[in-house]
Amino acid sequence: MHQPSGALGPEREGQYVRRIRELEEELRLSRVENEKNRATIQRFRERWEKLKESAKRKRSAKAAENARGDSVKETIQEEPELEVESAA
């Protein structure tokens with residue numbers, strides 16, 4: 001018997017249905033993995049922003065300390081006093 005075009009045999013139709021289910025499961029797993037990756041990326045972005053902010057604070061604190069320290073560390077170079085011998 002000849003099947004009309006467009007009609008699938010039960011065996012071929014079953015293969016397609018199984019393949020569709022496999023692909024749907026693969027898609028579902030890919031979406032789950034994608035969401036996990038998005039969450040990981042977000043955590044790393046937040047961590048990076050915290051690190052940048054911390055580095056800025058440390059840099060500012062160090063600059064302020066150096067500015068204060070420079071004024072305190074500055075020493076006045078004095079000329080040694082000449083001893084004057086007095087003739088008495």
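Any idea which of Arg59, Arg28 is surrounded by 10 or more Cβ atoms within 10 Å (Cβ to Cβ) and at pLDDT 95 or above? Please lay out each step first, then the result.
Working: Arg59 fails: at pLDDT 95 or above.
Of Arg59, Arg28, the one residue that is surrounded by 10 or more Cβ atoms within 10 Å (Cβ to Cβ) and at pLDDT 95 or above is Arg28.
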Check your understanding: Does any residue in segment 8-21 that is on the phi < 0 side of the Ramachandran plot come within less than 8 Å, Cβ to Cβ, of a residue that is open to solvent by 100 Å² or more (accessible area, probe 1.4 Å) six or more places away or on a different chain, and which pairs are these?
Key -> Leu8/Tyr16
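For (1) assigned to a loop (DSSP other than H, G, I, E, B); (2) at pLDDT below 70, each residue gets a yes or a no:
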site	(1), (2)
Glu49	no, no
Glu53	no, no
Ala63	no, no
Glu79	yes, no
Val84	yes, yes
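The values are calculated or read from the model by the stated rules, or taken from the named source; none is laboratory data. Please read all numbers here as calculations on a predicted model, not as lab measurements. Cβ: placed from backbone, ideal geometry, glycine included. Neighbour counts: every protein chain shown. For the accessible areas, the whole protein counts, side chains as well, though only heavy atoms, and no ligand, DNA or RNA atoms are used. Shrake-Rupley method; radii C 1.70, N 1.55, O 1.52, S 1.80 Å.
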